[in-house]
């Protein structure tokens, strides 16, 4: 019996072969995205090598400055099939959203090869020599009396040029300085003036947040930050707390500026009248992130924190319901509660000794519900006005007598018992 392939199986096989062909075609990318230079510029260069480099690999590139070492960020594939590649459309959209024309993006170059061990050793020697060259440049600047501050001396792998980055408050004529530096650096010298933020990008490392400086890691376009953002987002305007390594306002204040503006528009203005679940009141203060409003109530001048979702127009809020009074809990046996028993016990113990010059009199408090006999008010020492403990001690003292045994003073007819005995 002959075996005939089904049409569905044939379609699956053709789809598999097409995917395999696309995978083989994307093995060696046509273009790669590389980061190069001390200013961490980005370039999309043609790549025609046989080896497929991975993300983070070092490449020898021919850029607009000469031959230098770059770091591979990603490859641009037509379909972005692998996890380490992006489409050209996605890359251009990212560049446009991150600064557009101000973004340091270059296309006039090509990636020559993957860097060898000799290339890496030569670049390491160039980086080790950079501090010494910077000190020599500073000495020449000081000798010539120029008002500039050198920040970094950058040499590239091909030694076609050396770039001197410097900061200055005003324009400087550095033609004589270039003539003096050419024999020291041994190549063509390019002077590039930078601002305070670019100087921090070249020299700074970590910020107070514990992360690498944004300007050195991913931020390519350094836009100015307004004081308005600092006033909205920060509770204090201390320059030490809102300034970065460059001495300017921190760039991260721009990240959440739009969010803060949106949240602030939802809050009522200060000294405006609003309605709350507990009545109308005046807005005293508000918090942007927590979306809470501090309101002073008109009824009793209390201050309460109310979420912005619970605020209403004045006069529309319902009146608060009165709290029900809590009734005392009855005892299990149906008798008086613990509080009542405690109050009666205090009443029986008396409220204190009578004032000086006043004879003790009968108690004016309510009568005792119990059937225990109370001592007669005619006795001075055993009256109900004295505390209970004192009466017990006096009874025991009278009952012992002078020789330690019971005496007649403690008998049933003695004066300690309130009887009619005579002295």
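Remarks
- Packing-based exposure ordering (other Cβ within 10 Å, fewest first) of 259, 67, 74: 259, 67, 74
- Structural descriptor for the stretch 256-309: relative contact order 26 percent, calculated from alpha carbon pairs under 8 angstrom and at least 6 residues apart.
- Estimated FRET transfer efficiency (residue 212, residue 339; beta-carbon r; R0 60 Å; 0.05): 0.35
- Cα-projected label distance for residue 175 with residue 236, points at 7 Å along beta-carbon direction, nm: 5.2 nm
- When each of 72, 240, 292, 222 is scored by the number of other beta-carbon atoms lying within 10 Å, the sequence from fewest to most is 240, 292, 222, 72.
- Restricting the calculation to alpha carbons of the stretch 63-184 gives Rg and Dmax of 19.0, 59 angstrom.
- Counting other Cβ atoms within 10 Å as a rough exposure proxy, the listed residues 265, 89 run 265, 89 from fewest neighbours to most.
A short reminder: the numbers here are calculations on the coordinates, not readings from a lab. The structure presented is a predicted model; accordingly, all values stated were derived computationally and were not measured. Positions of Cβ are generated from backbone atoms using ideal geometry, with glycine treated the same way; all protein chains shown enter the neighbour counts.
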